[in-house]
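Enquirer: Submitted below is the structure of interest, expressed as structure tokens.
What follows draws every value from the coordinates through simple rules; no lab data is involved. From a predicted model like this one, the values you see are computed outputs, not experimental measurements. In this analysis, Cβ positions are derived from the backbone assuming ideal geometry, glycine residues included, and neighbour counts consider all displayed protein chains.
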Amino acid sequence: MLAQKRILLIIGGGIAAYKALDLIRRLRERGAAVTPVLTRAGAEFVTPLSVSALAGVKVFTDLFDLTDEAEMGHIELSRSADLLVVAPATADLMAKMAQGHADDLASTLLMATDTPVMIAPAMNVRMWEHPATQRNLATLKGDGIAVVGPNAGDMACGEYGPGRMSEPLEIVAAVERALGRGPLAGRRVLVTSGPTHEPIDPVRYIANRSSGAQGTALAAALRDLGAEVTFVTGPASVPPPEGVEVVRIETAREMLEAVEAALPVEAAIFAAAVADWRVASASDRKMKKTKGGLPALDFAENPDILAEVAGRGEERPKLVVGFAAETDDVVENATAKRARKGCDWIVANDVSHGTGIMGGAENDITLITGDGAEDWPRMSKREVAAKLAERIAEALGGS
Ligand code: C5P
């Protein structure tokens, strides 16, 4: 919640400026007062009228708007906020900030302020990767400026890579975090993620194709809402998020141990793809190829970590969430799984061939709760994570 918080929002000139309109709405929904500043280039993408209509106040568009210094001078404007947010922050705006230019209203405000500043960069991938931008980024970080995003994905210019501005909800979460106002501030949550590796011998193992992308995005989204996240991960192909406690494990049994050590938590989200079986007696020496014989592998069942935690009495988290990757009868199977495992919610997705979900950037989920099944539109895994984190915060309510 952002009640009584004042945000000065500088809208730079890029196609992502349209997202700034939604950002204003989202900030105001949470109680923040938004004072918008539109750069000259920004006004090429969104109109002053739509910006001020959404903000509910006058939009400042140029240094010379402030001729009435007695009413509100640029120094005062820059300091009357709790946070300055630049979204989108173009390559040009970042360069100006890094160099200390003050030749228009936005850059002057950024130079004159003594309040914290956050930028949400948005630009073409080559511009983002250009050494000059990366140098400017390092300078800005060194100056204590918070940076949210950019995300990787398809770009308006037809290219692919990092450079897309963060989604409005992600920026809101970063703003709340910067102002210590996240709805999950100080709440402990646990996320499991990635595959497990079950050894056959010291060099061979049984694994699965989980990349850990959805679990990682979820841990980052919960962190952004202020939660203290313990992230128990198998050997995933995406790196774990920053700002969370990372516990690396390999096998299902190690995962159970790490999960038990992390309890008690208020919410536990089981996004890991845990192997159902392990080799009963893994060899401690490399198995040799023997003439005329194939090795026989005996399997043993792994502990069901989700069911085990959901079945706890005293230490049961208030909210236990499982994932279900299904290929057919998604709602029916996931509903049955919710009952069987004793968890509160199941996040079900259709991973049948052709959906492109397994290993992809997008997800198409159905959320199964005690109230029934909710079909969510297809969206990026990052957006799924942000929406789920919001729902988790709602479910946990006030402490
Ligand atoms: O039974 P199934 O593997 O389809 O259930 C998936 C859900 O159960 C996921 O949330 C997964 O993280 C969890 N799980 C677990 N321990 C296991 C198997 C699955 O926590 N051994």
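Enquirer: Using a Cα-Cα cut-off of under 20 Å, which aspartates and glutamates could be cross-linked to LYS96, ignoring same-chain neighbours fewer than 8 residues away?
Expert: Candidates past the 8-residue exclusion: GLU44, ASP62, ASP104, ASP114, GLU129, ASP143.
Enquirer: Could you work out the pair-distance distribution P(r) of region 287-399 from its alpha-carbon pairs, with 5 angstrom bin width and percents rounded to whole numbers?
Expert: 2, 10, 17, 18, 17, 12, 7, 6, 5, 4, 2, 1, 0, 0
Enquirer: Separate question: How much net charge surrounds ASP92 when only other residues with a Cβ under 14 Å from its Cβ are counted (Lys, Arg +1; Asp, Glu -1)?
Expert: Taking every other residue near ASP92 into account, the sum is -1.
Enquirer: Just to be sure I follow the definition: excluding the sites themselves, where is the longest run in the chain that has none of the GluC sites (Glu not before Pro) in a DSSP loop with at most 11 other Cβ atoms within 10 Å?
Expert: It runs 1-158.
Enquirer: Please express the shape of region 298-352 as an equivalent ellipsoid: the semi-axes are the square roots of 5 times the eigenvalues of the C-alpha gyration tensor, given largest first in whole angstrom. Walk me through the intermediate numbers first.
Expert: Details: eigenvalues 89, 53, 13 Å².
Three semi-axes, in Å: 21, 16, 8.
Enquirer: Based on the Cα gyration tensor of region 188-395, what are the three equivalent ellipsoid semi-axes, each the root of five times an eigenvalue, rounded to whole Å and given largest first?
Expert: Listed largest to smallest, the semi-axes of region 188-395 are 30, 19, 17 Å.
Enquirer: Would you order ILE171, ILE249 from fewest to most other beta-carbon atoms within 10 Å of each residue's own beta-carbon?
Expert: Ranking ILE171, ILE249 by Cβ neighbours within 10 Å, fewest first, gives ILE249, ILE171.
Enquirer: Check ILE10: other-chain or 5+ apart residues with amide H under 5 Å from its amide H, H built from backbone geometry?
Expert: Placed amide hydrogens put VAL37, VAL85, VAL86, ALA87 under 5 Å from ILE10.
Enquirer: For the chain, what size does the Cα cloud have along each of its three principal axes, sorted from largest down, in whole Å?
Expert: 89, 47, 37
Enquirer: With θ set to phi - 60° and the Karplus curve 6.51 cos²θ - 1.76 cosθ + 1.60, what are the ³J(HN,Hα) couplings of region 360-373 in order, to the nearest whole Hz, using x for Gly and Pro?
Expert: Calculated HN-Hα couplings, in order: x, 8, 10, 9, 10, 10, 10, 9, 9, 10, x, 8, x, 10 Hz.
Enquirer: Which of the aspartates and glutamates could a cross-linker span from LYS288 if the Cα-Cα distance has to be under 12 Å and same-chain partners fewer than 8 positions apart are dropped?
Expert: Filter leaves ASP201.
Enquirer: Calculate the dipole size of the chain relative to its Cα centre from +1 charges on Lys and Arg beta carbons and -1 charges on Asp and Glu beta carbons; express the result in debye to the nearest 20.
Expert: The dipole of the chain has a size of about 840 debye.
Enquirer: Here's a follow-up. Given a cut-off of 30 Å, name the pairs among LYS5/LYS141; LYS19/LYS318; LYS19/LYS58; LYS337/LYS381 whose C-alpha atoms lie farther apart than that in the structure shown.
Expert: On the way: LYS5/LYS141 23 Å; LYS19/LYS318 35 Å; LYS19/LYS58 19 Å; LYS337/LYS381 22 Å.
As for pairs spanning more than 30 Å Cα to Cα, those are LYS19/LYS318.
Enquirer: For region 1-62, what are Rg and Dmax over the alpha carbons, in angstrom?
Expert: Expressed in Å, the Cα Rg and Dmax of region 1-62 come to 10.7, 32.
Enquirer: Would you mind getting me the FRET efficiency between GLU245 and SER352? Use the beta-carbon distance for r and R0 = 35 Å, nearest 0.05.
Expert: 0.50
Enquirer: Could you line up LEU54, LEU388, LEU184 from fewest to most neighbouring Cβ atoms inside 10 Å?
Expert: Least to most surrounded, the residues fall as LEU54, LEU388, LEU184.
Enquirer: With point charges of +1 on the Cβ of Lys and Arg and -1 on the Cβ of Asp and Glu, referenced to the Cα centre of the chain, which listed residue (GLY215, PRO36, SER80) lies farthest in the positive direction of the dipole?
Expert: Farthest towards the positive end: GLY215.
Enquirer: A follow-up question, please. Where does region 73-150 land on Rg/Rh, using Cα atoms and the Kirkwood Rh?
Expert: 0.96
Enquirer: Ok, one more. Evaluate region 6-178: find the radius of gyration of its Cα atoms, find its Kirkwood radius, and give the ratio Rg to Rh.
Expert: 0.94
Enquirer: Hey, if you put +1 on the Cβ of every Lys and Arg and -1 on every Asp and Glu Cβ in the chain, which of ALA17, SER237, ALA156 ends up farthest toward the positive end of that dipole?
Expert: The one lying farthest along the dipole's positive direction is SER237.
Enquirer: Positive end of the charge dipole of region 208-364 (Lys, Arg +1 and Asp, Glu -1 on Cβ, about the Cα centre): tell me which of ALA275, LEU319, VAL347 has its Cα farthest that way.
Expert: Ranked along the dipole, the leading option is ALA275.
Enquirer: For each of CYS157, CYS343, count neighbouring Cβ atoms within 10 Å of the residue's Cβ, then give the residues from fewest to most.
Expert: Exposure proxy ranking, most exposed first: CYS157, CYS343.
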